[in-house]
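After the structure tokens below, expect a handful of questions from me.
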Amino acid sequence: MHTLGHDFVPAPIHAGGLRYHGVAPLISQLVLDGLIRAEAYLQKDVFTSAVEFAGAEGSSRRPESAHAIHGAIEAARQADEAGEERTILFNLSGHGHFDMAAYDNFFAGKLEDVALDEGEIERALKAIEGLPQPA
């Protein structure tokens, strides 16, 4: 499992429910195998894409799923800019009915973007380098 270690503390922001500092073992292996890649997005961009999706598709999605929506929209924009035709596959799960407070905060301008400090990532990774690794 990829992690930033037990002493890493993420910024106290909503982040669409994605504040966990580790990645599931299956996802970690897929990244190591080069089959998928991890992306980090600012939460205002994610909510903007979720609202765009809701306007086009007529349904709200939970903030966690909004990250996938944003990634798909970004991939489509990149394809358009490159003049390429691409097939874009993403996982869409869950409605956003229980996450309306997060959307209220977004529309009220209460969400702030916090980019993770690269120095803090490096510090956390160095702290776990010397720990025993599973076979």
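The values are calculated or read from the model by the stated rules, or taken from the named source; none is laboratory data. Remember, predicted model here, so these are calculated numbers, not experimental data. When we count neighbours, we look across all protein chains shown, and the Cβ atoms used for this are built from the backbone with ideal geometry, even at glycine.
Suppose the filter is among the acidic types (Asp, Glu) and over 18 Å from residue 107 (Cβ atoms); does residue 64 pass it?
Criteria met by residue 64.
Still on this structure, please answer the following. Could you tell me which residue of the range 48-74 is modelled with the lowest pLDDT, considering only residues that are touching a helix residue (DSSP H, G or I) at 6+ places or on another chain (Cβ under 7 Å) and of a type in the set (S, T, N, Q)?
Top of the filtered list is 60.
Could you tell me how many of the residues in the range 1-28 are part of a helix (DSSP H, G or I), surrounded by 11 or more Cβ atoms within 10 Å (Cβ to Cβ), among the aliphatic types (A, V, I, L, M) and at pLDDT 70 or above?
1
Hey, another quick one. Which is acidic (Asp, Glu), at pLDDT 90 or above and either more than 30 Å from residue 127 (Cβ to Cβ) or in contact with a strand residue (DSSP E or B) (Cβ under 6 Å, 6 or more places away or on another chain) (or both), of 80, 104, 45, 99?
Just a single option satisfies the conditions, and that option is 80.
Select from the range 41-82 the residues that are in a helix (DSSP H, G or I), more than 13 Å from the chain's Cα centre (by Cα) and among the charged types (D, E, K, R) and list them in ascending order.
Within the range 41-82, 52, 57, 77, 80, 81 qualify.
Considering (1) out of contact with any helix residue (DSSP H, G or I) (no Cβ under 8 Å at 6 or more places or on another chain); (2) at pLDDT below 90; (3) not in a helix (DSSP H, G or I), say which one residue 119 fails and leave the rest.
(3)
Is it the case that some residue within the range 29-36 is free of Cβ contacts under 8 Å to residues at least 40 places away in the same chain, surrounded by 15 or more Cβ atoms within 10 Å (Cβ to Cβ) and in a helix (DSSP H, G or I)?
Looking for residues that are free of Cβ contacts under 8 Å to residues at least 40 places away in the same chain, surrounded by 15 or more Cβ atoms within 10 Å (Cβ to Cβ) and in a helix (DSSP H, G or I), one finds at least one in the range 29-36, hence yes.
If a residue has to be surrounded by 11 or more Cβ atoms within 10 Å (Cβ to Cβ), under 22 Å from residue 51 (Cβ atoms) and in contact (Cβ under 8 Å) with a residue 12 or more places away in the chain to count, how many in the range 75-124 make the cut?
Of the residues in the range 75-124, 17 are surrounded by 11 or more Cβ atoms within 10 Å (Cβ to Cβ), under 22 Å from residue 51 (Cβ atoms) and in contact (Cβ under 8 Å) with a residue 12 or more places away in the chain.
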